[in-house]
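**Q** Handing you this structure, nothing more for now.
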Amino acid sequence: MQLATSELQTQSLLWGESSAEKGEVFTKPEIVNLILVASGVVRDLFSIGTRILEPSCGQGEFVVAIAKHIKVRYESDNLKLPITQFVNLVRAYDISSSNLDVARSNVKAVLSDIYTSTELDTALNQWFIHEDFLLTDFNEKFTHVVGNPPYIRIETIPSVLLAEYRHRFVTMIERADIYIAFYEKCLDLLSNQGVLSFICTDRWTKNRYGAGLRSKIASSFQLDLFIDLYGQNAFMSDVMTYPAITQLSKNKQKRTCVLHNPNITPDFSNNLLKCLTDNKLEILEGAELVVRNDLVKEDKPWLFGAADELEMLSRIEGQFPTLEEAGCSVYIGAATGSNKIYIVDEDLDIEANRKIPVITAKELKSGVIDSKSNYIINTYDDDGVIELEQYPLLRNYFLEFEVTLKSRHIAKMTPKQWFKTIDRVYPERAAREKLLIPDIKSELTAIYDDGSYHPNNSIYYICSATWNLHALRAVLLSGIGQMFVQTYSTKVSGGNLRFQAQHLRKIRLPFWNEIDSSIQTELTRIGRTMDTSEAKSLVAQIYSLNEKEKQILGM
């Protein structure tokens, strides 16, 4: 049943006052200042008509910084915003009243020497709004939208709110996080000359669930600035994903400034603004600046690599089929919902046909299979989920953990099958030879399994009816696999890449039967022992790499 907006607002504010995870990660001051300067907020603070939106303000890092800039202008130039202009300058939303109280108090403390207590109360009651921004209707546009939208696992969002967000925001597809909805709505609220600048995870710029948002930007907006912050701690607390600063506008100049890991100082921020406003400037002290005119194309992933790497990638993509078109299938290992319960040792007294040898990501850390001889419980048969009553030993085992198993999301969705694993286990795949690829690594790892194990979650695996898997291992580890995944993946904690199915499927591969038989034989031999230099030499032949391309792959 669809609830009225007022009821949904009530649900959201209750969520805001709860202790549930709501993606509250606060931004460091130097990052806040960079965004405010580069987006033109600082420059335009005293301009008539400036309207600033902060859609998820938390404890007010951005709004407090704006107040400090107002104070600096007052102290240096004796310049004071007229009260009517001041009242309408900012709109900041949050679903946590306690966060808003902190933000309001901090702003008031900064500006108490400029405005009276009554003026501040009047203005800040307009500035800070205790509502769910995504559920609020607007009849105004904004010149600047800045902030750090929340990053929340969709499983933790109340279901009635998640359903409404998905209904309202067309770019929130597949497993899109809530920050996608913030981008969509904020873009729609930009004035004709408006600028949006967010610090946020960069995952959406390349992965599948970001396709809708990328398409929207390509059709009506411009990517002015992208700053990756790999290796920098941009937040007050540790996060698992690396953030990026993304600045968008309604300009259609098609010129994008891309910065990698800059040295952020006040001078750097001001010089960056000059680069953004002067198309002739292409050098920026304190960072490697790359100016691109071809980043945004329909819903395609945004590829930020060096031009020569992208040129090589484009050539290979134009000449060779994808991994799956070449006869290889990419799968993901089975997620259980509770490995402590579903991964067991051989001696567990349950029906033997319910146990399948399993390999976990921890057992691949050394780059080879270091099996603990464990088994995964298979809760499926050829007809789907098993009838638990037909397996009395397994039933008794599961009943020991009934409370824990029924508390899982998958069990709540299908209460009659409360005992099943999240993903289906496939005995026939366990019996096939495969290449095991751990999800999170700095470099691609491909480990051969002769058909002994079923992969657990956090492992992707490749099977093929056409390619010899030893030969495929040699090709993937030659640098070709790393190049593709590095281009299409985003980095996570520790500088690692995600070697997920969607990225592995981007790899291009010749058809096996089109490779010279002598090269097939050599690739197969090399794949068993993995002499990287020999592998690269053969890969250079089958991909017809020129000298420049060989250098890119370190040959």
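**Q** Counting Lys +1, Arg +1, Asp -1, Glu -1, what net charge surrounds GLY318 among other residues with beta carbon under 14 Å of its beta carbon?
**A** That sum, taken over residues with Cβ under 14 Å, equals -1.
**Q** How high is the FRET efficiency from GLU17 to SER518, r the C-beta distance, R0 60 Å, rounded to 0.05?
**A** That pair, GLU17 with SER518, gives E of 0.30.
**Q** Rounded to the nearest 0.05, what FRET efficiency do VAL87 and THR136 have when you use their Cβ-Cβ distance and R0 = 25 Å?
**A** According to the calculation, E is roughly 0.85.
**Q** Please give me the summed charge of the neighbours of ASP370: other residues whose Cβ is under 15 Å from its Cβ, Lys and Arg +1, Asp and Glu -1.
**A** Neighbour charge sum, excluding ASP370 itself: +1.
**Q** Now, a different point. Bin width 5 Å, alpha-carbon pairs only: give the P(r) of the stretch 350-416 as whole percents, running from 0 to the bin holding the largest distance.
**A** 3, 14, 19, 21, 18, 13, 9, 3, 0
**Q** For ASP531 and SER97 in the same chain, what is the full-extension length gain: residue separation times 0.36 nm, less their Cα-Cα distance, in nm?
**A** 150.2 nm
**Q** Okay, moving on. Under 5 Å between amide hydrogens, which residues at least 5 positions from LEU284 or on another chain qualify, with H placed 1.01 Å from N in the peptide plane?
**A** So LEU284 has HN proximity to LEU289.
**Q** Under a crude label model (7 Å from the Cα following the beta-carbon direction), how far is LYS365 from PHE401 in nanometres?
**A** The answer from the label model is 2.1 nm.
**Q** Taking the Cβ-Cβ separation of THR414 and ILE440 as r and a Förster radius of 30 Å, what is the calculated FRET efficiency to the nearest 0.05?
**A** Efficiency computed from Cβ-Cβ geometry: 0.55.
**Q** In the neighborhood of ASP132, defined by Cβ-to-Cβ distances under 10 Å, what is the net charge if each Lys or Arg adds +1 and each Asp or Glu adds -1?
**A** Charge balance in the 10 Å sphere: -3.
**Q** When a/c reaches 1.5 or more, the comparison of a/b and b/c decides; with that in mind, is the chain rounded, prolate or oblate per its Cα gyration tensor?
**A** In terms of gyration-tensor shape, oblate.
**Q** Another question, if that's okay. Tell me whether the stretch 84-234 comes out rounded, prolate or oblate; compute the Cα gyration tensor, take square roots of the eigenvalues as a ≥ b ≥ c, and use a/c under 1.5 as the rounded threshold.
**A** prolate
**Q** Let me ask something additional. log10 I(q)/I(0), Debye, Cα-only the stretch 103-149, no solvent, q = 0.25 Å⁻¹?
**A** -1.04
**Q** For the residue pair PHE511 and ASN261, what label-to-label distance in nm results when each label sits 7 Å from Cα along the Cα-to-beta-carbon direction?
**A** Rounded to a tenth, the inter-label distance reads 4.3 nm.
**Q** Evaluate the stretch 237-316: find the radius of gyration of its Cα atoms, find its Kirkwood radius, and give the ratio Rg to Rh.
**A** So for the stretch 237-316, dividing Rg by the Kirkwood Rh gives 0.98.
**Q** Treat the stretch 513-555 as a sphere of radius equal to its Kirkwood radius over Cα pairs and apply Stokes-Einstein at 37 °C in a medium of 0.692 mPa s; give the translational diffusion coefficient in µm²/s, rounded to a whole number.
**A** 305
**Q** Hey, another quick one. What does the C-alpha gyration tensor say about the overall shape of the stretch 435-555? Classify as rounded when a/c is under 1.5, otherwise prolate if a/b is larger than b/c, or oblate.
**A** Because a/c hits 1.5 or more and a/b fails to exceed b/c, the stretch 435-555 counts as oblate.
**Q** Here is a follow-up. Using the structure shown, select from LYS185/LYS254; LYS216/LYS506; LYS108/LYS185; LYS28/LYS71; LYS206/LYS412; LYS68/LYS254 the pairs with a Cα to Cα distance greater than 27 angstrom.
**A** Violating the 27 Å limit, Cα to Cα: LYS108/LYS185; LYS206/LYS412; LYS68/LYS254.
**Q** In the chain, what percentage of the DSSP-assigned beta bridges are antiparallel, given to the nearest 5?
**A** In the chain, approximately 70 percent of DSSP beta bridges are antiparallel ones.
**Q** Between GLU324 and SER47, what is the label-point separation in nm under the 7 Å Cα-to-beta-carbon projection?
**A** Here the modelled spin labels are 4.7 nm apart.
**Q** Shifting gears a bit: Mind checking the stretch 305-399 for GluC sites (Glu not before Pro) that DSSP puts in a loop (not H, G, I, E or B) and that have at most 13 other Cβ atoms within 10 Å?
**A** Within the stretch 305-399, the qualifying GluC sites (Glu not before Pro) (loop, at most 13 other Cβ atoms within 10 Å) are GLU325, GLU346, GLU387.
**Q** Please give the contour-minus-distance gain from ARG153 to TYR331: 0.36 nm per residue of separation, less the Cα-Cα distance, rounded to one decimal in nm.
**A** Fully extending the segment from ARG153 to TYR331 adds 61.8 nm.
**Q** Nearest 20 debye, what's the magnitude of the dipole of the stretch 32-148 about its Cα centre given +1 on Lys and Arg Cβ and -1 on Asp and Glu Cβ?
**A** That gives a dipole near 360 debye.
**Q** Which of the aspartates and glutamates could a cross-linker span from LYS340 if the Cα-Cα distance has to be under 12 Å and same-chain partners fewer than 8 positions apart are dropped?
**A** Excluding near neighbours in sequence, the set is empty.
**Q** Taking only protein heavy atoms and a 1.4 Å probe, what accessible area per residue, in Å², does the stretch 408-459 have with all protein chains in place?
**A** It amounts to 47 Å² per residue over the stretch 408-459.
**Q** Report the charge-dipole magnitude of the chain in Debye, nearest 20, computed about the Cα centre from +1 at each Lys and Arg Cβ and -1 at each Asp and Glu Cβ.
**A** Approximately 860 debye in magnitude.
**Q** Once amide H atoms are placed 1.01 Å from N in the peptide plane, what residues at a sequence separation of 5 or more from VAL195, or on another chain, have their amide H within under 5 Å of its amide H?
**A** HIS144, VAL145
**Q** Continuing with this model, one more query. When you count, for each residue, the other Cβ atoms within 10 Å and take the mean per peptide, how do 439-445, 64-70, 243-249, 548-554 rank with the highest first?
**A** The most tightly packed comes first, giving 243-249, 64-70, 439-445, 548-554.
**Q** By how many nm would the segment from ARG424 to ASP77 lengthen if fully extended, with 0.36 nm per residue of separation less the alpha-carbon distance?
**A** 118.2 nm
**Q** If you count the DSSP beta bridges with both ends in the stretch 313-461, what percent of them are antiparallel, to the nearest 5?
**A** 85
**Q** Of the options ALA540, LEU523, LEU553, report the single residue whose Cα projects farthest towards the positive end of the charge dipole of the stretch 512-555 (beta-carbon charges: Lys, Arg +1; Asp, Glu -1).
**A** My answer, from the dipole projection, is LEU553.
**Q** Just going by the charge dipole of the chain, with Lys and Arg at +1 and Asp and Glu at -1 on Cβ, which of ASN339, LEU13, LEU89 is farthest out on the positive end?
**A** So the residue we want is LEU89.
The values are calculated or read from the model by the stated rules, or taken from the named source; none is laboratory data. All values derive from a computational prediction rather than experimental measurement. So basically every Cβ, Gly included, is an ideal-geometry build from the backbone, and we count neighbours across all protein chains shown. Side chains included, ligands, DNA and RNA excluded: accessible areas come from the protein's heavy atoms. Shrake-Rupley method; radii C 1.70, N 1.55, O 1.52, S 1.80 Å.
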